[in-house]
């Protein structure tokens with residue numbers, strides 16, 4: 001499970017899936033199975049986020065402005081399936097799609113996600129929770145999105161919420 005979680009944090013979704021498949025027969029205890037199930041769900045919703053991000057990138061045009069926060073707007077210089085080049089505060093920056101800053105990735109996915117659906121909050125939160133560079137503040141924001149989704153009727157979020165605190169080292173010790 002640790003290897004799957006690391007792969008997910010690096011957005012290597014296919015590797016995460018393969019590692020989760022390897023872990024399936026090893027989950028002997030109910031607590032281990034629950035962690036495995038949550039990590040599978042997190043991977044699934046992170047994949048949905050990735051799809052939203054890819055769809056958003058397809059629609060970007062050079063010169064298009066993207067609001068990242070109340071005080072930050074970036075301008076698209078060039079976008080394709082692998083790379084995004086933007087200008088922010090007069091500086092041109094080039095990002096491989098797998099290395100987009102969290103705020104930029106979320107802003108891009110927001111352009112494609114249906115903000116009226118609580119599942120959009122679930123998907124955004126999954127990406128942030130999964131991401132290896134997510135800070136404590138980022139995780140708090142993701143938790144807030146999940147709580148909002150649950151309040152809007154998407155109760156499956158409540159089953160996923162413990163994945164934020166799940167740890168996978170020393171699981172074998174539980175079997176002793």
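The values are calculated or read from the model by the stated rules, or taken from the named source; none is laboratory data. These numbers come from a predicted model, not from an experiment. Neighbour counts are summed over all protein chains in view; Cβ atoms, including those assigned to glycine, are modelled from backbone coordinates with ideal geometry.
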Checklist line | Positions within the range 5-23 being part of a helix (DSSP H, G or I) and either touching a strand residue (DSSP E or B) at 6+ places or on another chain (Cβ under 6 Å) or in contact (Cβ under 8 Å) with a residue 40 or more places away in the chain (or both), in sequence order | finding: 5, 6, 8, 9
Item checked: Some residue of the range 156-170 being touching a strand residue (DSSP E or B) at 6+ places or on another chain (Cβ under 8 Å) and surrounded by 21 or more Cβ atoms within 10 Å (Cβ to Cβ) -> no
Margin query: Considering only residues that are touching a helix residue (DSSP H, G or I) at 6+ places or on another chain (Cβ under 9 Å) and either loosely packed, with under 15 Cβ neighbours inside 10 Å or farther than 23 Å from residue 11 by Cα (or both), which ones fall in the range 67-82?
Written below: 67, 69, 72, 74, 80, 81, 82
Check: So, of the residues in the range 47-68 that are assigned to a helix (DSSP H, G or I) and free of Cβ contacts under 8 Å to residues at least 24 places away in the same chain, which turns out to be nearest to residue 103 (Cα to Cα)?
Finding: 51
Item checked: Single residue of the range 1-11 satisfying the filter (in contact with a helix residue (DSSP H, G or I) (Cβ under 8 Å, 6 or more places away or on another chain) and closer than 15 Å to residue 172 by Cβ) that is surrounded by the most Cβ atoms within 10 Å (Cβ to Cβ) -> 1
Check: Which condition does residue 14 not pass, out of (1) closer than 22 Å to residue 160 by Cα; (2) buried (at least 18 other Cβ atoms within 10 Å of the Cβ), if it passes all the others?
Finding: (2)
Notebook entry, point to check: Across the range 79-90, what is the number of residues that are over 11 Å from residue 57 (Cβ atoms) and either part of a helix (DSSP H, G or I) or modelled with pLDDT of 95 or more (or both)?
Noted result: 3
Notebook entry, point to check: For residues in the range 24-41 being surrounded by fewer than 13 Cβ atoms within 10 Å (Cβ to Cβ) and touching a residue at least 24 places away in the same chain (Cβ under 8 Å), which is nearest to residue 5 (Cα to Cα)?
Noted result: 31
